[in-house]
Amino acid sequence: MFITKKELKNTNVAKAFKSGVNFIKITDGRHEIFLVNGKYKVVDYKKGMGLSEESQYPKYIKQALN
């Protein structure tokens, strides 16, 4: 699922993953959100090539996940 930061504010992330979405890519940002083993993982694609999880989430993502 590809969305903007503004659309993320209006999106129910849990409902999106339950409907079959594998990931959420923020198109005007640099983060992706994955649901792995029941926990959300946020990846910054500019900090390496792997799927290393971010230790601190950006504020707009924290608000969307709560």
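Computed quantities for the displayed model
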quantity: Distance (nanometres) between label positions extended 7 Å along Cα→Cβ at MET1 and GLN63; calculated: 1.8
quantity: Å² per residue, accessible surface of the chain at 1.4 Å; calculated: 71
quantity: GLU32-GLU54 pseudo-label distance in nm [points 7 Å out on the Cα-to-Cβ vector]; calculated: 1.4
quantity: Rounded percent of accessible protein surface that carbon and sulfur make up, the chain, 1.4 Å probe; calculated: 50
quantity: Percent RCO, i.e. relative contact order, over the chain, from Cα pairs under 8 Å lying at least 6 residues apart; calculated: 29
quantity: Length released on extending from ASP44 to ASN22, taking residue separation times 0.36 nm less the Cα-Cα span; calculated: 6.3 nm
quantity: Orientation-averaged projected area, Cα convex hull of the chain (nm²); calculated: 4.3
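The values are calculated or read from the model by the stated rules, or taken from the named source; none is laboratory data. It should be emphasised that the depicted structure is a prediction, and the values quoted were computed from it without experimental measurement. Because the Cβ atoms are built from the backbone with ideal geometry, glycine has one as well, and the counts that use them run over all protein chains shown. What goes into the accessible areas is simple: the full protein's heavy atoms, side chains included, and nothing from ligands, DNA or RNA. Shrake-Rupley method; radii C 1.70, N 1.55, O 1.52, S 1.80 Å.
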